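Below is one structure, written out as structure tokens, with a few remarks after it.
Read the figures in this text as sums done on the coordinates, not as results from a lab. All figures in this text were calculated on a predicted structure; none of them were measured in a lab. Here Cβ is always computed from backbone atoms with ideal geometry, including for glycine, and neighbour counts include all displayed protein chains.
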Amino acid sequence: MHTGAMTMPQAVEFFVKEGYQARPVGERETRRGTSDPTYLYYTLGKLEIIRLREDVRKAKGANFSLRQFHDQFLAQGFPPISLVRETMLGDVRPTP
């Protein structure tokens, strides 16, 4: 949708097949994704979490555990990702 190359029907199919959503939910999320300006925040949060996970993986090396990362991440509650990053890595800036 955001690339401009996906049609509305393709986006619905994406939600149904890749997101395991019922078709009515896929249709609703497709409309929402194209009309709700705050929808972008979900993607930004996801990207920040993925970046944090990779930075933790680099910091821990062979001692990295995906389960441990998720447990530690979820134990933080719902603060901004920058505070979770500070707790988990001791820094507030993601690597470029």
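Taking the convex hull of the alpha carbon positions in the range 11-53 and averaging its projected area over all directions gives 3.2 nm². Sparse packing (at most 10 other Cβ atoms within 10 Å of the Cβ) combined with a DSSP loop state is found for the following chymotrypsin sites (Phe, Trp or Tyr not before Pro) in the chain: Y20.
Summing Cβ point charges (Lys, Arg +1; Asp, Glu -1) relative to the Cα centre of the chain gives a dipole of roughly 140 debye. With a point put 7 Å past each Cα toward its Cβ, work out how far Y20 is from D91 in nm, to one decimal. Here the modelled spin labels are 3.5 nm apart. Between helix 23-35 and the chain there is an angle of about 80 degrees, using the helix long axis and the longest principal axis of the Cα atoms.
Any idea what the alpha-carbon Rg over 2.2 N^0.38 Å comes to for the chain?
Values: Rg = 16.7 Å, N = 96, 2.2 N^0.38 = 12.5 Å.
Compared with the compact-globule rule of thumb, the chain sits at 1.34.
Put a dot 7 Å past the Cα of Y39, heading toward its Cβ, do the same for K58, and the two dots end up 3.2 nm apart. Working from Cα pairs under 8 Å separated by at least six residues, relative contact order for the chain is 18 percent.
As a rough footprinting exposure proxy, the listed residues I81, I49 were ranked by other beta carbons within 10 Å of their own, and the order from fewest upward is I49, I81.
Please state, rounded to one decimal and in Å, the Kirkwood hydrodynamic radius that the range 41-89 gives when every pair of distinct Cα atoms enters the mean of 1/r.
Its Kirkwood hydrodynamic radius stands at 11.0 Å.
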